[in-house]
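Every number here is computed from the coordinates shown, using simple stated rules; none is lab data. All figures in this text were calculated on a predicted structure; none of them were measured in a lab. Methodologically, a virtual Cβ is constructed for each residue, glycine included, from the backbone with ideal geometry; neighbour enumeration extends over all protein chains shown.
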Amino acid sequence: VDSGNQQSPPVTVNYPNGMGGKKNIPPLNGNGHSAEYSPFAYIVALLSMLQATLTLPGLAAIALALGMAIDANVLINERIREELRNGNTPQASISAGYERAFGTIIDSNVTTLIAGLALFMFGTGPIKGFAVVHVLGILTSMFSAVLVSRAIVNIIYGYRRKVNKLSIGQIYKPD
């Protein structure tokens, strides 16, 4: 791909070098999308296995699940940047960033999961459809944020003995 071209070909993922910069790499999670969008493929796969019909409330639940997956990856990214700002090595920052973000991700997703279960128990018709896709979306979002993104980062940085820098964006250090 030409470095001056801002668009990526459809066979590559415009993924932030695992963390935040721009780098075209081949798709690593099998569906051609980065870890933020893998819940979509997982939800569609689960719905097809359940032979469920995707309705408009279901599409709204998928949009919510994608937003939560992106939010989880932003949390992880920011925690890693905090660790880098504190002077930790890149590999230690990655490890600590995931560990520190894990509690927040679990807390927000479990809270939203409880709301989805309440919607399923007390809702009728389209509300139940939203709740089913919402719960599946939360579960796949947690799976992709915790396992898939960590796997991609480990594939990119894990084999190296020493990582000197991360392509994660600008690290602001106040004077």
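Quick notes
- Fully extending the segment from Thr89 to Thr104 would add 3.1 nm, taking 0.36 nm per residue of separation and subtracting the current Cα-Cα distance.
- Protection proxy ranking, highest mean first, for peptides 134-146, 48-60: 134-146, 48-60, where packing is the per-residue count of other beta-carbon atoms within 10 Å, averaged.
- Neighbour counts of other Cβ atoms within 10 Å put Thr112, Thr124 in the fewest-to-most order Thr124, Thr112.
- The slack in the chain from Asn154 to Lys128, taken as 0.36 nm per residue of separation less the alpha-carbon distance, amounts to 5.6 nm.
- With each label modelled as a point 7 angstrom along the Cα→C-beta vector, the Leu117-Gln51 pair spans 2.8 nm.
- Ascending count of other beta-carbon atoms within 10 Å, so fewest first, for Phe130, Phe102: Phe102, Phe130
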